[in-house]
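Undergrad: The structure follows.
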Amino acid sequence: MDRFKLKAGEDFIRLGQVLKAAGICESGAEAKEIIQEGQVLVNGETETRRGRKLYSGDIASCGGKEIEITKS
């Protein structure tokens, strides 16, 4: 499982942003597409909202790759 650290002062990151930052998607358009197709899980449940806010402790997964959101 990979970890994504929130920047100092940030409480959340949006789902589409974390998929790009983790290298799962190359663009926002690609992130939007796979999210809307139901290929992304957040905390074990299908998520179809690209703007979903992820907080410390949340886990996003796609294509067998998991990313845990942590505080820095």
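Undergrad: Can you give the accessible area per residue of the range 1-69, in Å², using a 1.4 Å probe?
TA: 60
Undergrad: Still on this structure, please answer the following. Obtain the nm distance between the two label points defined at Glu45 and Met1 by a simple spin-label model: each point lies 7 Å from its Cα along the Cα-to-C-beta direction.
TA: Here the answer is 1.8 nm between the modelled labels.
Undergrad: If each residue of separation counts as 0.36 nm, what is the full-extension length gain between Glu68 and Ser56 once their alpha-carbon separation is subtracted?
TA: The Glu68-Ser56 span can extend by a further 3.5 nm.
Undergrad: Quick check on the chain: of the DSSP beta bridges with both residues there, what percent are antiparallel, nearest 5%?
TA: 70
Undergrad: Would you mind checking Lys32/Lys65; Lys7/Lys32; Lys32/Lys71 for any pair whose Cα atoms are more than 19 angstrom apart?
TA: Beyond 19 Å: Lys7/Lys32; Lys32/Lys71.
Undergrad: Based on DSSP H runs of at least 4 residues, each adding -39500 (n - 2.57), what is the mean residue ellipticity at 222 nm of the chain after dividing by all its residues, to the nearest 500 deg cm²/dmol?
TA: -6000 deg cm²/dmol
Undergrad: In whole Hz and in residue order, list the ³J(HN,Hα) couplings for the range 32-44 that follow from phi through the Karplus curve 6.51 cos²θ - 1.76 cosθ + 1.60, θ = phi - 60°; x for Gly and Pro.
TA: Karplus values, whole Hz, x for Gly and Pro: 4, 4, 5, 5, 5, 7, x, 8, 10, 10, 10, 6, x.
Undergrad: Moving on. Give me the distance in nm between label points sitting 7 Å out from Cα along the Cα-to-Cβ direction at Glu10 and Ser27, one decimal.
TA: So the two model labels end up 2.2 nm from each other.
Undergrad: Could you check how much of the accessible area of the chain is carbon and sulfur, as a whole percent, using a 1.4 Å probe?
TA: Ligands and nucleic acids excluded, carbon and sulfur reach 42 percent.
Undergrad: Name the residues whose placed amide hydrogens come within less than 5 Å of the amide hydrogen of Cys25, ignoring near sequence neighbours (fewer than 5 apart) on the same chain.
TA: Long-range HN contacts for Cys25: Lys20.
The values are calculated or read from the model by the stated rules, or taken from the named source; none is laboratory data. Quantities reported herein were computed from a predicted structural model and do not represent experimental measurements. Ideal geometry is used to build each Cβ from the backbone, glycine not excepted, and the neighbour counts take in all protein chains shown. SASA here: full protein model, heavy atoms, side chains in, ligands and nucleic acids out. Shrake-Rupley method; radii C 1.70, N 1.55, O 1.52, S 1.80 Å.
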